[in-house]
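The structure appears below as structure tokens.
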Amino acid sequence: GSPDFKPYPIAVTAVRELGTGGPKVADQITEALRFDFDVMQMFKLLDPKSYLADPSKEGMTAPSIKFSDWSSVGADGLVKATSQVQGNTVKTEFRFFEVGSGKEQLKKSYEGPAEQARKFAHKFANEVVLFLTSQKGPFVSQIVAVKKTKTGRELTVMDMDGKNRKAVTENGSINLLPSWARNGRDVLFTSYIRHNPNVYSISLSGGAPKLLSGERGLNTGAVMSPDGSKVALTLSRDGNSEIYVMNADGTNL
């Protein structure tokens, strides 16, 4: 918010694939890293076309990097990474360098199923934000949204960059106005499953929706309190819309 704020210029090289069989994974990690640093306003992601250095010929350690080439294109920070796929497992290594000092400031390794490769990139981007600001980064957050279908509206959950989409509801009805429970594992929403707009909660791990409010008329717009103990919602039980509060389990309206 400062009037003299200037974004932090950062270069993110293409992830280097070690071995064979995993260029697609390396590309996914590169895409995720560049998305994160591009979408956050505290960073200025430098165009890879502007790079003077050839990242494919540089190593992963400070002595192997010609930092003058990176400072010449305006970079203050430099991110490099490698990935290696073995079967369905991917091993990744990420490094963050300060260009001005020529020092490696962060080094993190992650290993797991190949489908989590993008998540590893988001985790490391969070580490860079934490290092530079002492605040947690937002990149492993998820978004819950409404998706139009042939039969109505369904809820879907996705990573912050829109990838790894998974269905939350598949009931063929109209599901609207999702909001997160404080535990990050459940979602509150309005649904016409029973032909009336009622408020339900559902777990991202699966299972049937739980009815929280099924009063006559509107039951909609549910939002949980910061401490997770209460839910505020709109009801029209008396003929006009009013705001009510109830316990998180639907009792004590």
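Per residue, the chain exposes an accessible area of 54 Å² to a 1.4 Å probe, with every protein chain left in place.
Once the Cα atoms are used to define both axes, helix 23-39 deviates from the longest principal axis of the chain by about 70 degrees.
DSSP finds beta bridges in the chain, and of those with both partners inside it, around 85 percent are antiparallel. Anisotropy class assigned to the chain is prolate, per the alpha carbon gyration tensor with a/c at or over the 1.5 cut-off and a/b larger than b/c. Considering only Ile174, Ile202, Ile243, the mean-square fluctuation computed in a Gaussian network model of the chain, springs between alpha carbons under 10 angstrom, is largest for Ile243. Select from Thr92, Gly152, Leu132 the residue farthest towards the positive end of the dipole of the stretch 47-176; place +1 on Cβ of Lys and Arg, -1 on Cβ of Asp and Glu, and compute about the Cα centre. Of Thr92, Gly152, Leu132, it is Gly152. The C-alpha atoms of the chain define a longest principal axis, and helix 117-133 lies at about 80 degrees to it.
Give the relative contact order (percent, whole number) for the stretch 105-218; include only Cα pairs under 8 Å separated by 6+ residues. Provide the component values of the computation, followed by the final result.
Numbers: 191 pairs, mean separation 14.8, N = 114.
Once divided by the residue count of the stretch 105-218, the mean separation gives 13 percent.
Its relative contact order, with pairs defined as Cα atoms under 8 Å and 6+ residues apart, puts the chain at 10 percent.
Using the crude model of +1 on Lys and Arg Cβ and -1 on Asp and Glu Cβ, and no other charge, please compute the dipole size for the chain relative to its Cα centre, in debye to 20. If you can, show how the numbers build up before the last one.
Numbers: 32 positive and 27 negative charges, 92 e Å.
The dipole magnitude comes to about 440 debye.
The values are calculated or read from the model by the stated rules, or taken from the named source; none is laboratory data. Fair warning: this is a prediction, and the values are worked out from it, not measured in the lab. FYI the Cβ positions are ideal-geometry reconstructions off the backbone, even for glycines, and counts take in every protein chain you see. For the accessible areas, the whole protein counts, side chains as well, though only heavy atoms, and no ligand, DNA or RNA atoms are used. Shrake-Rupley method; radii C 1.70, N 1.55, O 1.52, S 1.80 Å.
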